[in-house]
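A single structure is presented below for examination.
The values are calculated or read from the model by the stated rules, or taken from the named source; none is laboratory data. Since the structure is predicted, the reported quantities are computational estimates derived from the model, not experimental observations. With ideal geometry, Cβ positions are generated from the backbone for all residues, glycine too; neighbour counts draw on all protein chains shown. Ligands, DNA and RNA are excluded from the accessible area calculation, which covers all protein heavy atoms including side chains. Shrake-Rupley method; radii C 1.70, N 1.55, O 1.52, S 1.80 Å.
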Amino acid sequence: MTFQRKSLATRHAVVPYLEGGEGEPLVFLHGAGGLTAEDPVLALLARSHRVFAPYLPGYGETEDVIALRDMLDYTLHSWDVVGGLGLKAPILVGHSMGGMIAAEMAAVAPNDVSRLVLVAPAGLWRDETPIPDMFSLMPYEMPGYLFHDPEAGARLMTAGLKMDDPKFLQDYLVRNARQMGMAGKLLFPIPDRGLSQRLYRITARTVIVWGMSDRLIPPVYGRAFRDAIAGARLVEIEQAGHMVTLEKPAAIAEAVMSLA
Amino acid sequence: MKFTWFNLMPWPYLPDDFRQKHRSVWVDIDQRLFDPVRSHAVYNTYMDLLEYADTLGFDGIGVNEHHQNGYGIMPSPNIIAAGLARRTKNAALVVLGNSIALYNPPVRVAEEFAMLDCISGGRLVAGFPVGTSMDTNYCYGQIPALTREKYAEAHDLIIRAWTERDPFAFNGRYNKLRHVNIWPRPIQQPHPPIHIPGGGSVETYDFCIDNTYSYSYLSFSGYIRAKALMQGYWDRVAARNAPDASPYRAGFAQTICVAETDAEAERLYAEHVHYFYNRCLHVYPGFADAPGYRTIKTIQTGALSQYAPPRGGYAELSWKDLTEGGHVIAGSPETVRQRMEELIKGLNVGHIFCLMHVGNMPADKCMYSSKLFAEKVMPRLRGLLPECDGDGRFWCHPLQARATPGTLPQPYAPRLSQPA
């Protein structure tokens, strides 16, 4: 499966996106770590869907957009993107920060989402189970939080990276600042922008997918999402961490199919 | 030249194994290492030293703002400055500064700085740092990518509050205020001089140049390593067609230790310098630079945060490393004079923030070093920038006639009327 990189323009931004596959339209919203055309979850979803995966500002080699500052801005921006793609009531699939945005989209416009798949979404906070401060983690600390198997995860994260090359390092720092700078608008310092008081508005049929080894947003949050969204089903995946998209991508495809 | 005696106010009782046992001196420093009872004497000694510097003839005495920080127990510099305003006579009060994005609403800074200016008789030099990532983002929760916009708005609000004479409405993105009308307002007109501490951001260079503010580089790594950064600033001054390149457009912080001889300096001060550089600066690198805090343009210049770990990892720095590398200017008055001259000419700076109290240095040694600097070094550096001595744009203008604190008259005594 090959994905084409295309782009569309909203009022605020030029938005690159990946498009591929055949079937019912599905919009995939990536997490704070970004997205590549080689992402296995995209390929699996594209077997049965027309997949559109837009990049948030700051991701996909774009500049951050200063005019987009808060949760409402990014929620409406993402609706602008769906509109720009010419889609009506698509399936929304969002991972982590993308799941938070997808949940917000479904809460502000409940009639415009046909089905909703939230993969380890951010957006809630429990004092008794605080989420680690991902913004102060050093790169070498990340795999331990993101993967069921941190060693294999570390290999995935660093494959092809030339951290000894100063030019590469510079580009890496710039990309990280762009991406995580944008993510900070929704997630820093605590990834809670009031979603809990809006989740009741979601009427789309919803599946929540959670890796049982998620040490970034622990599985207790999956149950909290399930309890807050009427009729939502929770699928808990063994031997997967926060990056369930990389460790068990088939589970996400199955969750989407379960809503068909 | 303007010499400001500066005290970061380090906690002097960090344990010997601090670096081994603790991950950071800042943000999540172990609460149990602070002893409030001991801090009573520490604070009072530090304030005494600042007051002592006034009697030695330093042009200014300096304080700054840090939060949750083992080498700066001064989350509110204005509280310290208020005490100093009463107990000092001549020195400028250099508050370097208030992290204006952290005050809600920022008119609080306009008000408190106005109070300091009024109480001190116009001796305030105001500093507006963006704030470090540790303070601003990790301790005070500001969203990194929005910090600069919030800072810029706070700056505009404060300047308007200081300079407009009628109440106005301020419809900012971060501040909605119907009636801005500060009371009191500062003595100095149109407002106190402003210094902006920066760490190499191009945006901060431009902000200083465009507003005629002094750019201060508050580095701990000394004048030799500062060369490239300060040259970047002066190149920018030229490129932006500033009307002049007055050295008072810039300031630099330098750790300085003076003794009778070079050998005595090492004997007296090495342990305290070691305490500061090898214990106090132990910042967890994950806190150095929240993504989005520095602009892309700045990262592309290749400047790294001064709190980022040095290339090749962090090693214990010896007295020799620190003095030869210029982190610390130390030695006899003549050695210090020579190196200070190199600093002033090399960086073209008119303001020196003299870090004369270092780490866990006790008061008596600090006084000895400060007195030698004031008497044997400072006078010989004063003539270095004669052509710019009249440049008053970046320094305070105190009232000529100032009140003397503690001079109340006798209480009013009613005359007893004679019984009829």
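Among B:Ala145, B:Ala152, B:Ala110, B:Ala126, which is among the hydrophobic types (A, V, I, L, M, F, W, C), open to solvent by less than 10 Å² (accessible area, probe 1.4 Å) and not in a strand (DSSP E or B)?
When all the criteria are applied, what remains is B:Ala110.
Going through A:Met182, A:Met138, A:Met105, A:Met100 one at a time, which residue ends up being closer than 30 Å to A:Leu259 by Cβ and either over 19 Å from the mean Cα position of the chain (by Cα) or within 13 Å of chain B (Cβ to nearest Cβ) (or both)?
Details: A:Met138 fails: closer than 30 Å to A:Leu259 by Cβ; A:Met105 fails: either over 19 Å from the mean Cα position of the chain (by Cα) or within 13 Å of chain B (Cβ to nearest Cβ) (or both); A:Met100 fails: either over 19 Å from the mean Cα position of the chain (by Cα) or within 13 Å of chain B (Cβ to nearest Cβ) (or both).
From the options A:Met182, A:Met138, A:Met105, A:Met100, the qualifying one is A:Met182.
Results for (1) more than 14 Å from chain B (Cβ to nearest Cβ); (2) assigned to a strand (DSSP E or B); (3) among the polar types (S, T, N, Q), shown as yes or no for each residue.
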{"position": "A:Leu169", "(1), (2), (3)": "no, no, no"}
{"position": "A:Ala177", "(1), (2), (3)": "no, no, no"}
{"position": "A:Tyr200", "(1), (2), (3)": "yes, no, no"}
{"position": "A:Leu234", "(1), (2), (3)": "yes, yes, no"}
{"position": "A:Ala251", "(1), (2), (3)": "yes, no, no"}
{"position": "A:Glu254", "(1), (2), (3)": "yes, no, no"}
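Another question about this same structure. Determine which member of the set A:Leu173, A:Leu118 is touching a helix residue (DSSP H, G or I) at 6+ places or on another chain (Cβ under 6 Å) and within 10 Å of another protein chain (Cβ to nearest Cβ).
Working: A:Leu118 fails: within 10 Å of another protein chain (Cβ to nearest Cβ).
None of the others qualify; the one that does is A:Leu173.
Kindly indicate the residue of segment B:1-46 that is closer than 28 Å to B:Leu317 by Cβ and among the aliphatic types (A, V, I, L, M) and also surrounded by the most Cβ atoms within 10 Å (Cβ to Cβ) among those meeting that condition. Before you say what the answer is, go through the steps one by one.
Taking segment B:1-46 first, the residues closer than 28 Å to B:Leu317 by Cβ are B:3-35, B:38-39, B:42, B:45-46.
Imposing the further condition that a residue be among the aliphatic types (A, V, I, L, M) reduces the set to B:8-9, B:14, B:25, B:27, B:29, B:33, B:42.
On the way: B:Leu8: 24, B:Met9: 25, B:Leu14: 23, B:Val25: 27, B:Val27: 22, B:Ile29: 22, B:Leu33: 15, B:Val42: 17.
Looking at residues that are closer than 28 Å to B:Leu317 by Cβ and among the aliphatic types (A, V, I, L, M), I get B:Val25.
Taking the stated definitions as given, is A:Ala102 surrounded by 24 or more Cβ atoms within 10 Å (Cβ to Cβ), assigned to a loop (DSSP other than H, G, I, E, B) and in contact with a Pro (Cβ under 8 Å, 6 or more places away or on another chain)?
Working: surrounded by 24 or more Cβ atoms within 10 Å (Cβ to Cβ): yes; assigned to a loop (DSSP other than H, G, I, E, B): no; in contact with a Pro (Cβ under 8 Å, 6 or more places away or on another chain): yes.
Criteria not met by A:Ala102.
With respect to B:Leu49, is the statement that it is in contact with a helix residue (DSSP H, G or I) (Cβ under 9 Å, 6 or more places away or on another chain), farther than 16 Å from B:Ile196 by Cα and open to solvent by less than 10 Å² (accessible area, probe 1.4 Å) true?
Yes; evaluated as a whole, the condition is true for this residue.
Anything in segment A:61-79 that is over 14 Å from the mean Cα position of the chain (by Cα) and open to solvent by less than 10 Å² (accessible area, probe 1.4 Å)? List them, or say none.
A:Leu68, A:His77
So, one more: Out of the residues in segment A:139-172 that are in contact with a Leu (Cβ under 9 Å, 6 or more places away or on another chain) and open to solvent by 50 Å² or more (accessible area, probe 1.4 Å), which is modelled with the lowest pLDDT?
Here the residue is A:Met163.
Of the residues A:Ile190, A:Ile131, which is within 14 Å of chain B (Cβ to nearest Cβ) and not in a helix (DSSP H, G or I)?
On the way: A:Ile131 fails: within 14 Å of chain B (Cβ to nearest Cβ).
None of the other options fit; the residue is A:Ile190.
Here are some residues: B:Tyr269, B:Tyr213, B:Tyr248, B:Tyr233. Which one is of a type outside the set (D, E, K, R) and more than 25 Å from B:Cys396 (Cα to Cα)?
Checking each option against the conditions leaves just B:Tyr269.
Got a sec? Which of A:Arg205, A:Arg215, A:Arg178, A:Arg201 is at pLDDT 95 or above, open to solvent by 50 Å² or more (accessible area, probe 1.4 Å) and under 18 Å from A:Met97 (Cα atoms)?
Going through A:Arg205, A:Arg215, A:Arg178, A:Arg201 in turn, just one is at pLDDT 95 or above, open to solvent by 50 Å² or more (accessible area, probe 1.4 Å) and under 18 Å from A:Met97 (Cα atoms): A:Arg215.
Here is a further query. Being open to solvent by less than 10 Å² (accessible area, probe 1.4 Å) and not small (Gly, Ala, Ser) is the filter here; which residues of segment B:113-123 pass it?
Residues satisfying the conditions are B:Phe113, B:Leu116, B:Asp117, B:Arg123.
Taking only segment B:86-108 into account, find how many residues are over 16 Å from the mean Cα position of the chain (by Cα) and among the aliphatic types (A, V, I, L, M). Break it down stepwise before answering.
Initial filter on segment B:86-108 (over 16 Å from the mean Cα position of the chain (by Cα)): B:86-90, B:101-108.
Filter once more, so that each one left must be among the aliphatic types (A, V, I, L, M): B:101-102, B:107.
Count: 3.
What are the residue pairs meeting all of these: first residue in segment A:219-230, first residue closer than 14 Å to A:Arg198 by Cβ and at pLDDT 95 or above, second residue of a type in the set (Ser, Thr, Tyr) and open to solvent by less than 50 Å² (accessible area, probe 1.4 Å), Cβ atoms under 8 Å, and 6 or more apart or on different chains?
Pairs found: A:Ile229/A:Thr206.
Tell me, yes or no, whether segment A:105-118 has at least one residue that is surrounded by fewer than 23 Cβ atoms within 10 Å (Cβ to Cβ), part of a helix (DSSP H, G or I) and of a type in the set (Val, Ile, Thr).
Yes.
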